[in-house]
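Beneath this line is the structure, given in structure tokens, with notes to follow.
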Amino acid sequence: MLDHQGNPLSDRKQIYAQAFAVYALAEYYRATAKPESLELAQRLFRLIEGHSRDAVWKGYLEARGRDWSALEDMRLSEKDLNCPKSMNTHLHVMEAYTNLLRVWRDPELEARQKELLEVTMDRIVDNATGHFKLFFDNQWNSLSDHVSFGHDIEGSWLIQEAAEVLGDRALLDRARKLALRMAQTVYEEGLDKDGSLFYEADSKGLMTDPNKHWWAQAEAVVGFYNAYQLSGQEHFLKQAYRVWKYIETNIVDRVHGEWHAKLSPAGAPYLEKDDADACLAGPWKCPYHNSRVCYEMMERLSK
């Protein structure tokens, strides 16, 4: 993070953030064909691979220092565990590599994406429950029993998309089955009676955060519609629409613009003065998820 003059306030290298830069630079190249944006994305890919990839146990370490040295505290945020590996970082590295593969069919990138997909489906997804595990040590031992319904439904379609762009038929078959399994699990365990998505629970199904968060609702629309496209099962289609209606009714801020960040279980928006997570825009709140649900659904529905 920087101050208003461009001076570093935090100079650590969070791999999650490097991945989003790869994602953005690849997208900018798709839009403009400017070679410097692709070159920057390629350089960042090589930096991630050179300084974060675990060549022994696979996957990627959470963070490094400014000089890429090891850090004692690798947390992405104060809410995260201080551990070497997380679901969230791997999900978004995979998402970034998917977009980079659209514009750069490099053999090393293809190999790393294949490895990452296998790690995600074998280590990060709990195949016994259909949920993501969230935090890990270096050897992939799980360090938390919490469930993130928003990440589960988001991951269901991002895993499938990654396999489609990679083009590995065996992995794609696995990914499609897994997408349906994860979507069905969220459908059975993660929905409130008003059609919205619960946020987090523990392994016993007790809600650890009963509030409704903007980004999870956005990803639920895409994830459930993707499951409908895969299966033709009407309950997925109806649920995608139910979540969209909840967004339209409760989350869109028709006074100030943008979307409310966080709502009570009853669907009432929190105000920033009452909850620091309730700002319309900030370090963790931007048009990423809500723009994407619109773009994704416009494209999917047009077909």
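The values are calculated or read from the model by the stated rules, or taken from the named source; none is laboratory data. Keep in mind that this is a model prediction, so the values were computed, not measured. Backbone-built Cβ (ideal geometry, glycine too); neighbour counts: all protein chains shown.
Of the conditions (1) at pLDDT 90 or above; (2) exposed (fewer than 14 other Cβ atoms within 10 Å of the Cβ), Ile251 clears all except one; give me its number.
(2)
What are the pairs, 6+ residues apart or on separate chains, where a residue within the range 183-197 that is closer than 20 Å to Leu158 by Cα has its Cβ under 6 Å from a residue that is among the charged types (D, E, K, R)?
Val186/Asp152
Please go through the range 192-210 and give me each residue that is among the aliphatic types (A, V, I, L, M) and in a strand (DSSP E or B), ordered by number.
Leu197, Ala201, Met207
Just wondering, is there one or more residues in the range 107-120 that are within 15 Å of the chain's Cα centre (by Cα), small (Gly, Ala, Ser) and assigned to a helix (DSSP H, G or I)?
Within the range 107-120, none of the residues are within 15 Å of the chain's Cα centre (by Cα), small (Gly, Ala, Ser) and assigned to a helix (DSSP H, G or I).
Scan the range 65-87 residue by residue and report those that are within 16 Å of the chain's Cα centre (by Cα) and buried (at least 21 other Cβ atoms within 10 Å of the Cβ).
Of everything in the range 65-87, those that are within 16 Å of the chain's Cα centre (by Cα) and buried (at least 21 other Cβ atoms within 10 Å of the Cβ) turn out to be Lys85, Ser86, Met87.
Search the range 140-163 for residues that are without any contact (Cβ under 8 Å) to a residue 24 or more places away in the chain and pair each with any residue that is among the aromatic types (Phe, Trp, Tyr) when their beta-carbon atoms are under 8 Å apart and the residues are at least 6 apart or on different chains.
Ser142/Phe135; Ser142/Phe136
Any residue in the range 282-303 that's touching a residue at least 24 places away in the same chain (Cβ under 8 Å): show its pairings with residues that are surrounded by 10 or more Cβ atoms within 10 Å (Cβ to Cβ) and β-branched (Val, Ile, Thr) at Cβ separation under 7 Å, as long as the two are six or more apart or on different chains.
Val293/Val221; Val293/Val222; Glu296/Val222; Met297/Val221; Met297/Val222
Output the residues belonging to the range 271-290 that are within 14 Å of the chain's Cα centre (by Cα) and either at positive phi or part of a helix (DSSP H, G or I) (or both).
Tyr288, His289, Asn290
Tally time: how many residues in the range 59-105 are in contact (Cβ under 8 Å) with a residue 24 or more places away in the chain and in a loop (DSSP other than H, G, I, E, B)? Working first, answer last.
Residues of the range 59-105 that are in contact (Cβ under 8 Å) with a residue 24 or more places away in the chain, as a first pass: 59-66, 68, 71, 76-77, 80-81, 83-104.
So of that shortlist, the ones also in a loop (DSSP other than H, G, I, E, B) come out as 59, 61-62, 65-66, 68, 71, 76-77, 80-81, 83-84, 102-104.
Residues in the range 59-105 being in contact (Cβ under 8 Å) with a residue 24 or more places away in the chain and in a loop (DSSP other than H, G, I, E, B): 16 in total.
Which of the residues spanning the range 149-175 are in contact with a Gly (Cβ under 9 Å, 6 or more places away or on another chain) and either among the small types (Gly, Ala, Ser) or closer than 20 Å to Ala201 by Cα (or both)?
Phe149, Gly150, Asp152, Ile153, Glu154, Gly155, Ser156
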